[in-house]
Amino acid sequence: MADFGRSNTEQLRRTLQEAVVKCSERCLYQSAKWAAELSNSLPEPLSTSTSFNSDPDSQMQDVDLPPSMPSMLSSNPDPEEARLEAQELPKYLLAKSYFDCREYDRCAAIFIPSILPRGPLTPTSPNAKTRTPTKAEKGKAKESSSNIEIEPIAVSNTLPLLSQKSLFLALYAKYISGEKRKDEDIEMILGPADGGGTVNKELVGLARSLEGWFADRAAKGLESSNQGWLEYLYGIVLVKGKTEEDAKTWLIKSVHLCPFNWGAWLELSGLLNRFEDLQKVVRKLPQNLMTLIFHLYASQELYQSSEVTHHQLNDLERIFPESQFLKTQRALLYYHSKDFDEAESIFSALLHADPHRIDALDHYSNILYVMSARPKLAFLAQVATATDKFRPETCCVVGNYYSLKSEHEKAVVYFRRALTLDRSFLTAWTLMGHEYVEMKNTHAAIESYRRAVDANGKDYRAWYGLGQTYEVLEMHLYALFYFQRAASLRPYDPKMWVAVGNCYDKIDRPIQSIKAYKRALVAGTYYDQGSSFGSGATNGETPQGILDPETLYSIALVHEKMDQQDEAASYMEMTLAQEEGPGGDDDDEMRGQGTGVTNTTSKARMWLARWEFSRGGLARAMELANELCQDGWEVEEAKALIRDLRARLETRRSPS
């Protein structure tokens, strides 16, 4: 990867420029933008830099032009496709102009008359193999199941003879029209119609039409000349129809045929809920540069902030040294590993380099929110609003600013505005759930979090928010389920395991509670090591950092409930030891920085003092009680204990 070479760089530049043209022709604007930015981040060729930096008044300025200038319309190596595209050019240009003006139905009608069936993509559609019986039908099915055969619906190609480019544009316009109509039917965020019953009614027609087209191509032996764009569209339709395994298959076909369509990679990444799923899918992908970029992006989405991921990112940055996309991925990796300072510095540099870039600013605002950097967050909100106040990312930035000011009603207004602009903007659903929790509106919070996890099962914050909300409602079994989902997504985040342990404690399952708390102690060392990748304590080495006093104290209380006083006392002693940090008592140079005196360590000290008092260790109890008076915590109770201790000591000294 290090020896990529100038010739390979130029070939990659031409390929990316061609991808920009092809994506733009099919109105895949986000994919075109991504490819254009990636192409622009490649190192400048020497001939281009010398010619364009010369004197603009020189008569020789046009002598040394770039070696290749891509055409505004891409060429097609398939002669039949090229002939069809040439015949359809006037209609294609008209249809694309309609699409650009957001007249999607007019765009589709140029090539396809409105004869496609409409309705939701149900299990009875051609892509479904069987139909799930309803509850009312299950009883009858038991009696006559042997006599029932589900016949597959005959699939035929009802589409006119068109080039793949024109066919994609028409069907994609149909899909976008259905999405637009669905959003119009829903009307209000979290309103009465904002539920699972409102769907894209164009899905069933698109599914049947594409299945018929693919079947016809297979029958004629033309599959080898497929371009990958219609496979991508069919994958999107299957994703919307919740047929995820089939969607993976078609999206993998698409990226094999058209690897530089970033939209297909994004859809494929959205179907991966675990790192194991990513490892299985990678084996089926083409071995090229785009697979490496996809692996990096999917690993970041799955919170795999490991040393291997950072090495992959380093290799890619050698090829694309100025890529804002790759720099954003590095910032998000640091964010996931809780290295907020490093993540903030990268986002700050990106903002200074391109102050009009709105992409990923919602993540930057989340980092500033966690860091309580209110002035920087206010500046970011001002910059984003000045650029485009009607972008979902801008609304989330402003919403986070109001949330940091504890103006939760205003924050909800902006998060709802973000969802009005883009209902699939997952960050806004999660953040709005947080605000409803602050406003004590648990029903709206649960609904917001559910929308977030329905759209993206990898969002651990939404799972954790659901657990917190049900914990407030004292429904601990429900809370436990959601906390466990969050912990499975973030196994090295101690906060998740502490929540799991607390729930087990509430439902009287102390053994599982202790296991979860101990898992939290191990997970806490993941971020406490010196590694900038946040991957410490994964190689079997003994943790060198301090342990969380709150978790140790919780373990001690669980042991106390189980009437295991000696175990409880040992964990209370460990809690006290965190004040000084690791290291021996006689070796100050080896001792690390501890937590100092906290409320938790003071409560542990009080517990130990009473325990020593109960078993007759009066000298140790008196020492602990005097320390409590000096600490400033639990002072009144410490003074009362000292009085009892003095009375007990006087009783011992008095003659019998």
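Looking at segment 281-294, which of its residues are under 22 Å from GLY241 (Cβ atoms) and of a type outside the set (A, V, I, L, M, F, W, C)?
If we filter segment 281-294 for residues that are under 22 Å from GLY241 (Cβ atoms), which is where we start, we get 281, 284.
Across segment 281-294, the qualifying residue is only LYS284.
So, in segment 213-233, of the ones that are of a type in the set (Gly, Ala, Ser) and open to solvent by 20 Å² or more (accessible area, probe 1.4 Å), which residue ends up nearest to SER156 (Cα to Cα)?
Pass one, segment 213-233, residues of a type in the set (Gly, Ala, Ser): 215, 218-219, 221, 224-225, 228.
Now drop any that are not open to solvent by 20 Å² or more (accessible area, probe 1.4 Å), which leaves 215, 218-219, 221, 224-225.
Working: ALA215: 7, ALA218: 12, ALA219: 11, GLY221: 16, SER224: 20, SER225: 20 Å.
Only one residue tops the list, namely ALA215.
List pairs: first residue in segment 11-40 and free of Cβ contacts under 8 Å to residues at least 12 places away in the same chain, second residue of a type in the set (Val, Ile, Thr) anywhere in the structure, Cβ distance under 9 angstrom, at least six positions apart or on different chains.
Note: pairs meeting the criteria are LYS33/VAL20.
Being in a helix (DSSP H, G or I), under 19 Å from THR575 (Cα atoms) and at pLDDT below 80: is that true of ALA638 here? Walk me through it before giving the result.
Details: in a helix (DSSP H, G or I): yes; under 19 Å from THR575 (Cα atoms): yes; at pLDDT below 80: yes.
The answer is yes for ALA638.
Return a yes/no flag: does segment 341-356 have any residue that is more than 27 Å from VAL370 (Cα to Cα) and either touching a residue at least 24 places away in the same chain (Cβ under 8 Å) or of a type in the set (S, T, N, Q) (or both). Can you show your working first?
First, the residues of segment 341-356 that are more than 27 Å from VAL370 (Cα to Cα): none.
Within segment 341-356, none of the residues are more than 27 Å from VAL370 (Cα to Cα) and either touching a residue at least 24 places away in the same chain (Cβ under 8 Å) or of a type in the set (S, T, N, Q) (or both).
Only one of HIS363, HIS356 is assigned to a helix (DSSP H, G or I) and in contact with a helix residue (DSSP H, G or I) (Cβ under 7 Å, 6 or more places away or on another chain). Can you tell me which?
Details: HIS356 fails: assigned to a helix (DSSP H, G or I).
Step by step, each of HIS363, HIS356 is checked, and only HIS363 is assigned to a helix (DSSP H, G or I) and in contact with a helix residue (DSSP H, G or I) (Cβ under 7 Å, 6 or more places away or on another chain).
Among the numbered conditions (1) at negative phi; (2) not in a helix (DSSP H, G or I); (3) not small (Gly, Ala, Ser), tell me where GLU474 comes up short.
(1)
Could you tell me whether ALA486 is more than 21 Å from THR575 (Cα to Cα), small (Gly, Ala, Ser) and surrounded by fewer than 24 Cβ atoms within 10 Å (Cβ to Cβ)? So that I can check it myself, show each step before the final result.
Details: more than 21 Å from THR575 (Cα to Cα): yes; small (Gly, Ala, Ser): yes; surrounded by fewer than 24 Cβ atoms within 10 Å (Cβ to Cβ): no.
In short, no.
If we keep just the residues of segment 152-182 that are open to solvent by 60 Å² or more (accessible area, probe 1.4 Å) and more than 30 Å from ARG83 (Cβ to Cβ), which is modelled with the lowest pLDDT? I'd like the intermediate steps shown before the answer.
Filtering segment 152-182 down to residues open to solvent by 60 Å² or more (accessible area, probe 1.4 Å) leaves 152-156, 158, 161, 180-181.
Remaining after also requiring more than 30 Å from ARG83 (Cβ to Cβ): 152-154, 180-181.
Values: PRO152: 44, ILE153: 51, ALA154: 55, LYS180: 93, ARG181: 92.
Within segment 152-182, the match that is modelled with the lowest pLDDT is PRO152.
Of the residues ALA373, ALA384, ALA331, which single one is crowded, with 21+ Cβ neighbours inside 10 Å and more than 29 Å from THR9 (Cα to Cα)? Spell out how you get there, then give the answer.
Details: ALA373 fails: crowded, with 21+ Cβ neighbours inside 10 Å; ALA331 fails: more than 29 Å from THR9 (Cα to Cα).
Result: ALA384 is the single residue among ALA373, ALA384, ALA331 that is crowded, with 21+ Cβ neighbours inside 10 Å and more than 29 Å from THR9 (Cα to Cα).
Picking from ALA418, ALA386, ALA428, which residue would you name as being more than 23 Å from GLU184 (Cα to Cα) and in a helix (DSSP H, G or I)?
Values: ALA418 fails: more than 23 Å from GLU184 (Cα to Cα); ALA428 fails: more than 23 Å from GLU184 (Cα to Cα).
Of ALA418, ALA386, ALA428, the one residue that is more than 23 Å from GLU184 (Cα to Cα) and in a helix (DSSP H, G or I) is ALA386.
Let's see how each residue does on (1) modelled with pLDDT of 95 or more; (2) surrounded by fewer than 24 Cβ atoms within 10 Å (Cβ to Cβ); (3) among the small types (Gly, Ala, Ser):
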| position | (1), (2), (3) |
| --- | --- |
| GLU407 | yes, yes, no |
| ALA411 | yes, no, yes |
| ARG423 | no, yes, no |
| GLY457 | no, yes, yes |
| LEU466 | yes, no, no |
| TYR470 | yes, yes, no |
| TYR478 | yes, yes, no |
| PRO491 | no, yes, no |
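Need a quick list: helices (runs of 4 or more DSSP H) entirely within segment 212-331 having at least 1 residues that are under 30 Å from GLU81 (Cα atoms). I'd like the intermediate steps shown before the answer.
On the way: elements: 229-240, 244-257, 262-270, 275-282, 289-301, 307-319.
Correct list: 229-240, 244-257, 262-270, 289-301.
Identify, please: which residue in segment 595-634 is open to solvent by 60 Å² or more (accessible area, probe 1.4 Å) and more than 42 Å from the chain's Cα centre (by Cα) and is, among those, modelled with the lowest pLDDT? Before you say what the answer is, go through the steps one by one.
As a first pass, look at segment 595-634 and keep what is open to solvent by 60 Å² or more (accessible area, probe 1.4 Å): 597, 599, 603, 610, 614-615, 619-620, 623, 626, 630, 633.
Filter once more, keeping what is more than 42 Å from the chain's Cα centre (by Cα): 610, 614-615, 619-620, 623, 626, 630.
Values: ARG610: 87, SER614: 84, ARG615: 85, ALA619: 85, ARG620: 87, GLU623: 87, ASN626: 85, GLN630: 80.
Restricting to residues being open to solvent by 60 Å² or more (accessible area, probe 1.4 Å) and more than 42 Å from the chain's Cα centre (by Cα), the top hit is GLN630.
State the number of residues belonging to segment 389-407 that are touching a residue at least 24 places away in the same chain (Cβ under 8 Å) and assigned to a helix (DSSP H, G or I).
11
Which condition does ARG423 not pass, out of (1) closer than 19 Å to GLY191 by Cβ; (2) part of a helix (DSSP H, G or I), if it passes all the others?
Condition (2) is where ARG423 drops out.
The values are calculated or read from the model by the stated rules, or taken from the named source; none is laboratory data. Everything numeric here is computed off the predicted structure, so don't read it as measured data. For neighbour counting, all protein chains shown are included, and Cβ atoms are generated from backbone atoms with ideal geometry for every residue, glycine included. Ligands, DNA and RNA are excluded from the accessible area calculation, which covers all protein heavy atoms including side chains. Shrake-Rupley method; radii C 1.70, N 1.55, O 1.52, S 1.80 Å.
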